[in-house]
Amino acid sequence: MDLKEAIRLRHSVRQYKDEPISEEHVSRLNEIIKQCNTESGLNMQLICNDPECFDVFLAHYGKFENAVNYIALIAKKSIDNREELAGYYGQRIVLEAQMMGLNTCWVAGTYGKKKCKADIADDEQLICVIAIGYGKDQGKPHLSKSIDKFCDMPVDKMPDWFREGVEAAMLAPTAINQQKFKISLVNDEAVIEAKRVPMAKIDLGIVRYNFEVYSSHKTR
């Protein structure tokens, strides 16, 4: 499986097997997280075997099961685009995890923020977490809007790389599946904008990563 296939196959999973993440996968995840932290300036951390973070009413309401492993997405409060960076690099880790046979779920609200076991300094912010483990199933595809809701350009006028990027962006997980983003082609460059809705900046980072993987073009 490569990154493009991981984008197609990855779906949110909330029910996990009662099985610890293997030492091999823990080591590989920590390696990827270290690389992403170095590039981004974030302080993402893998927390394993913590039954408390998702032992809250909202998590039970969200139907989480055996969610005892998670990645905490943490950033210094002084980083202006920290939420977008968390989305971008978090999605990179999510897709790497998918290629390892692990399943994930982005979680912004249905977990115990105060119960998170990550090491968070006073000048840092816990942006969100990503539940991770071996899923009881592979999840289900989310419903998506039509391509014209994301881009004003007719499909038959789109360069192949741009169309492929837009289609990959449509597969990106977004908060409550809101998909509140717009993609434009300006001077042969993809411009992605998020609307003013909750978690929009995190979503923007996730969408950007999917687009860039599939199109092999950077966005702004």
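The values are calculated or read from the model by the stated rules, or taken from the named source; none is laboratory data. Here the structure is a predicted model, which is why all the values come from computation and not from measurement. Neighbour counts are summed over all protein chains in view; Cβ atoms, including those assigned to glycine, are modelled from backbone coordinates with ideal geometry.
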Only one of (1) under 20 Å from GLY90 (Cβ atoms); (2) assigned to a helix (DSSP H, G or I) does not apply to PRO173, and that is (2)
Cβ pairs under 7 Å, 6+ apart or interchain, first in region 75-92 and β-branched (Val, Ile, Thr), second assigned to a helix (DSSP H, G or I), ordered by first then second residue, are ILE79/LEU85
A careful count of residues in region 182-212 that are outside any strand (DSSP E or B) and in contact with a Phe, Trp or Tyr (Cβ under 6 Å, 6 or more places away or on another chain) gives 4
Going through region 12-29 in order, the residues found to be surrounded by 14 or more Cβ atoms within 10 Å (Cβ to Cβ) and out of contact with any Lys or Arg (no Cβ under 6 Å at 6 or more places or on another chain) are SER12, VAL13, TYR16, PRO20, ILE21, HIS25, VAL26, ARG28, LEU29
Among ALA175, ALA168, the single one that is small (Gly, Ala, Ser) and surrounded by fewer than 21 Cβ atoms within 10 Å (Cβ to Cβ) is ALA175
Filter region 136-182 for residues that are modelled with pLDDT under 85 and among the β-branched types (Val, Ile, Thr); the one that is farthest from ALA200 (Cα to Cα) is ILE176
Note on region 181-199: residues out of contact with any Leu (no Cβ under 9 Å at 6 or more places or on another chain), at negative phi and surrounded by 21 or more Cβ atoms within 10 Å (Cβ to Cβ) are ILE183, ALA190
Scanning region 31-55 for residues that are surrounded by 14 or more Cβ atoms within 10 Å (Cβ to Cβ) and either outside the structural domain of ALA118 (by TED's automatic domain parsing) or polar (S, T, N, Q) (or both) gives GLN35, ASN37, SER40, ASN43, GLN45
Across region 192-209, the tally of residues that are over 12 Å from the mean Cα position of the chain (by Cα) and either at pLDDT 95 or above or not aliphatic (A, V, I, L, M) (or both) stands at 4
